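Novice: Pasting in a structure now, in structure tokens, and then I'll have a few things to ask.
What follows draws every value from the coordinates through simple rules; no lab data is involved. Not measured: the values here are computed from a predicted model. Here Cβ is always computed from backbone atoms with ideal geometry, including for glycine, and neighbour counts include all displayed protein chains.
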DNA sequence: CTTGAAAAGAGCGGCCA
DNA sequence: TGGCCGCTCTTTTCAAG
């Protein structure tokens with residue numbers, strides 16, 4: 001992982017449609033070694049996948065909700081069952097176990113309030129929860145999958 | 001936007017390396033009409049971009065933080081300046097204006113606590129804030145960019 | 001790492017139903 | 001619309017410097 005690799009990753013995490021020739025040119029290499037680097041970065045797991053990002057509005061998915069959950073119970077059985085069920089819900093785009101007062105944080109994308117109510121009932125039916133707080137997004141000011149690749153190691 | 005278009009979008013939002021031939025086969029079309037549909041979906045803005053997703057751990061980005069912000073001031077000038085500065089920070093992957101008690105929610109990806117402290121100081125220097133609460137992620141149970149495409153319209 | 005090149009495959013477009 | 005058939009460009013692999 002040198003600077004060139006980081007540059008390649010940064011290019012591809014912003015636009016994966018770039019041809020190898022273009023990437024090679026921008027990092028100052030010829031195609032063959034550039035292609036080999038990309039292969040290596042994929043094999044080593046730096047690149048996990050290449051995906052198409054969709055416009056939620058266009059699909060009628062106008063409501064993003066952040067759900068804070070306090071669990072109450074903390075047994076391994078409970079946690080495993082809860083994690084499996086929630087992760088399987090397609091409306092949940094992000095599911096994080098947290099430190100501090102909130103045990104879990106969910107990012108949920110649905111059509112509208114009515115749709116969220118449907119999801120909410122499904123969620124509380126999945127496992128007993130001590131406390132659930134929903135916070136609703138008004139405006140998405142920034143959303144990116146691109147990471148700030150640090151210069152040091154990696 | 002019929003069922004076939006939705007199926008195409010769903011395939012590509014999970015794996016954008018699929019060739020047109022493969023997508024075509026899976027949705028039960030031949031290449032040409034499938035290719036035309038994908039072109040149309042891109043032109044109409046259903047597909048916003050194709051990106052490579054990177055592994056944050058591999059890059060030494062081990063800490064994800066959700067930052068809740070209470071603004072205090074709400075003038076247009078303040079908001080515009082604040083929004084522009086925060087959106088420009090590469091550590092911020094998501095920046096949302098919220099309804100309710102929290103005014104803004106940030107998703108921040110950094111190396112570690114030390115690195116977060118550096119970011120935090122940068123953040124509070126960007127604009128006067130009434131209240132800032134940081135919640136730290138312990139474990140990423142699920143993370144996907146794939147949306148639950150609804151059947152109706154879109 | 002570079003150049004050069006060749007085989008395989010994918011994207012792209014025209015034309016017909 | 002969808003399907004068939006080419007033309008081009010890219011990806012992928014190889015040899016040699």
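Novice: Per the helix-only calculation at 222 nm, which mean residue ellipticity applies to chain A, given -39500 (n - 2.57) for every DSSP H run of n ≥ 4 and division by its residues, nearest 500 deg cm²/dmol? Don't skip to the end; give the middle numbers.
Specialist: Details: 5 runs with 59 residues, N = 154.
Result for chain A: -12000 deg cm²/dmol, rounded to the nearest 500.
Novice: Follow-up. Could the peptides A:48-57, B:33-42 be put in order, highest first, of the mean number of other beta-carbon atoms found within 10 Å of their residues?
Specialist: Packing order, densest peptide first, comes out as A:48-57, B:33-42.
Novice: Using a 10 Å cut-off around each Cβ of peptide A:133-141, what is the average number of partner chain Cβ atoms that fall inside?
Specialist: 6
Novice: Measuring label to label, 7 Å along Cα→Cβ, what does residue A:100 give against each other copy in nm, shortest first?
Specialist: Spacings between copies for this position, smallest first, are 1.5 nm.
Novice: Got a sec? How would A:46, A:116 order by Cβ neighbour count within 10 Å, fewest to most? Walk me through the intermediate numbers first.
Specialist: On the way: A:46 24, A:116 21.
So the residues, fewest neighbours to most, are A:116, A:46.
Novice: Using all C-alpha to C-alpha distances in the stretch A:3-43, build P(r) with 5 Å bins and read off the rounded percent in each one.
Specialist: 6, 28, 42, 23, 2
Novice: Using only Cα atoms, find the angle between the long axis of helix A:76-87 and the longest principal axis of chain A, and express it within 0 to 90 degrees, rounded to the nearest 10.
Specialist: 70 degrees
Novice: Partner chain Cβ atoms within 10 Å, averaged over the residues of B:121-130 - can you pull that number for me?
Specialist: Per residue, the average neighbour count from other chains is 0.
Novice: Here's another thing I want to ask about it. Output the relative contact order of the stretch B:1-83, whole-number percent, from Cα pairs under 8 angstrom with separation of 6+ residues.
Specialist: Computed over the stretch B:1-83, the figure is 20 percent.
Novice: Something else about it: Assume the label is 7 Å from Cα along Cα to beta carbon: what separations in nm does residue B:131 have to the matching positions in the other copies?
Specialist: 1.4
Novice: Got the residue B:22 label distances to the other copies yet, label 7 Å along Cα→Cβ, in nm, shortest first?
Specialist: 2.1
Novice: So what is log10(I(q)/I(0)) for chain A at q = 0.09, 0.12, 0.16 1/Å, when the Debye sum runs over its Cα atoms only?
Specialist: Values, matching the q order: -0.45, -0.72, -0.95.
Novice: Further question: How well do other chains shield peptide A:102-111, expressed as the mean number of their Cβ atoms within 10 Å of each residue Cβ?
Specialist: Across the residues of A:102-111, the mean count of other-chain Cβ atoms within 10 Å is 3.
Novice: Separation of the stretch A:11-82 and the stretch B:1-44 by C-alpha centroid, Å?
Specialist: If we compute the Cα centre of each part, the gap is 20 Å.
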